[in-house]
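The values are calculated or read from the model by the stated rules, or taken from the named source; none is laboratory data. Source: prediction; values computed, not measured. Cβ: placed from backbone, ideal geometry, glycine included. Neighbour counts: every protein chain shown. Please note that ligands, DNA and RNA were not included when accessible areas were found on the heavy atoms of the full protein model with its side chains. Shrake-Rupley method; radii C 1.70, N 1.55, O 1.52, S 1.80 Å.
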Amino acid sequence: MEVSVIGSSQVNNLGRVDLRYREVGLCSFSKNLNFAKISSPKYSGLFVGQSSISWSSKYLFPLIVKASATAQTEAAVTSEKASGTRRSEVDNNLMLYVGLPLDAVSSTNTINHARAIAAGLKALKLLGVDGVELPIWWGIAEKEARGQYNWAGYLSVAEMVQKMGLKLHVSLCFHACKESRVPLPEWVSQIGESQPDIYFTDRSGQRYKDCLSLSVDDLPIFDGKTPIQVYKEFCENFKTSFSSFMGSTITGISIGLGPDGELRYPSYHKPAKSQGAGEFQCYDKNMLSHLKQHAEASGNPLWGLSGPHDAPSSKELATSSGFLKEHGGSWESQYGDFFLSWYAGQLISHGDRLLSLASSTFSDVPIAVSGKVPLMHSWYQTRSHPAELMAGIYNTVNRDGYEGIIEVFSRNSCKAILPGIDLADEDQPKETRSSPESLLEQIIFSCRKYGIEISGQNARISGSPSGFQQIKKSLTGENAVDLFTYQRMGASFFSPEHFPSFTAFVRDLRQPQLHSDDLAVEKVDSAESLPEKNVQMQAA
């Protein structure tokens, strides 16, 4: 097989690459190789080579391969012509985005793996993807001191996306991320050392230090400033700093609402058995103070002394406790209703404050504002719905806990992001009595009722055809969403085991019928090599 370089390249540090799609081949290529055009009857579509440089483990480069008759009929992957030029021929209003790496910008505010990201953006553009999602971390942009912002790395990414002709959705993340080693801002953590009750706390006293407790939203813990005021200033400075991108490149912003950006309590914040449901997070002194006041106002002061005494720990079977057992559990008692209404109400009020903040801040720019609704699908097929109750969603067999949440989104004219649309009931452990599909249906029903636009995300990267089929099922029919973001770019995303399946998925969404230019041809011409930049494939 002959490879001719399309982009600029230096031939050095040659590595071996696996191009696996039905068959295996080996090739050598340049460390700085950006794009190559392969002419072969057995390989077609966008593949990824891997060399010795790393994102964190391996550096990735897309290879654009000329389509052949065999590959198109057997693999249905994209051809060289699967670009935005044919986008208008597809009768499909769905916007398709891909998340950028969580660590796209480093803790020192520079772009991580800049060359790999640039190559990835080119590949996505050629596939016909509309845009990318970029997480912006509070712990990086306002790292060292309150009010001192550094957007340098994020501005550079925005410029890369703009030059590539892609759209950009920005996620403003006010939580930490262990996966990419992004903590809260240093000055926030310093305050937390002397005031640990700024964090969520469970019954055993364990603190969740990856985001602030919602109980301090309106407390002046930051030198006279409240967290809501600090979040507001962050959003305003972001809007000013990115004004040249607003409404053109940046078309959407999501505001972080809690752990992993979702509107929920961090009920699963420590390792738990698969049969657990997490723990209530109401034991920091400020939450207990709110509970005490609420109990006294309701005429039941003894109910405000603590959280439920018969609730399970994260290590216990969810429905084995007195509080959550299916029949006769305390959750169905007058006390249970009192506590769960208060617990969920605190969360909804927190969501209202943040969505209102975001909506008002960006009201004068033509962008969509959104927030993420969690998909706590474990135990959904029980009467008490333990996982949802622990996370602050008062949803049971007798009560719809999502209407109040979605009403807040409607009140603030915000879109709802629903994760996990790739999850199928049949793939869930039977012992957890999970039903992500039924839960999604319930949430989507509430969104339709209140006229809320919906964006979808997947919960995991999976190269299996069934995973992509489940996504496609969720993107069509009555439950259709208007924007889907596939999470996320990185080593797994561009691996030979995954990326060909993703290209087939995109093609299936964009071009369910083969274009006449993609029909079988009798002969595939060899790629024309550029002078002095020829790299030879090696037989397996």
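Against the test of being under 22 Å from the mean Cα position of the chain (by Cα) and either in contact (Cβ under 8 Å) with a residue 60 or more places away in the chain or more than 26 Å from Ser267 (Cα to Cα) (or both), the options Gly224, Gly139, Gly120 yield a single qualifying residue, Gly120. In this structure, Glu437 does satisfy being crowded, with 20+ Cβ neighbours inside 10 Å, in contact (Cβ under 8 Å) with a residue 12 or more places away in the chain and more than 14 Å from Ala344 (Cβ to Cβ).
Scanning region 159-208 for residues that are in contact with a His (Cβ under 8 Å, 6 or more places away or on another chain) and open to solvent by 20 Å² or more (accessible area, probe 1.4 Å) turns up Gln206, Tyr208. Scan region 288-317 for residues that are aliphatic (A, V, I, L, M) and closer than 16 Å to Tyr394 by Cβ and the total you get is 2. Selection within region 209-241: residues that are crowded, with 20+ Cβ neighbours inside 10 Å and among the polar types (S, T, N, Q). The member of this set that is farthest from Glu279 (Cα to Cα) is Ser215. Scanning region 469-489 for residues that are open to solvent by less than 10 Å² (accessible area, probe 1.4 Å) and either modelled with pLDDT under 90 or out of contact with any strand residue (DSSP E or B) (no Cβ under 6 Å at 6 or more places or on another chain) (or both) returns a single hit, Ile471. On inspection, Ser289 qualifies as of a type outside the set (Asp, Glu), at pLDDT 95 or above and either in a helix (DSSP H, G or I) or surrounded by 19 or more Cβ atoms within 10 Å (Cβ to Cβ) (or both).
The test for being surrounded by 16 or more Cβ atoms within 10 Å (Cβ to Cβ), modelled with pLDDT under 50 and hydroxyl-bearing (Ser, Thr, Tyr) does not hold for Thr73.
In region 347-374, the residue that is most open to solvent (accessible area, probe 1.4 Å) out of those that are of a type in the set (S, T, N, Q) and touching a Cys at 6+ places or on another chain (Cβ under 8 Å) is Ser359.
Look through region 326-346, keep the residues that are assigned to a loop (DSSP other than H, G, I, E, B) and open to solvent by 30 Å² or more (accessible area, probe 1.4 Å), and return whichever of them is modelled with the highest pLDDT. Working first, answer last.
First, pick out the residues of region 326-346 that are assigned to a loop (DSSP other than H, G, I, E, B): 326-329, 333.
So of that shortlist, the ones also open to solvent by 30 Å² or more (accessible area, probe 1.4 Å) come out as 326-328, 333.
Numbers: Glu326: 90, His327: 91, Gly328: 91, Ser333: 96.
Taking the candidates together, the pick is Ser333.
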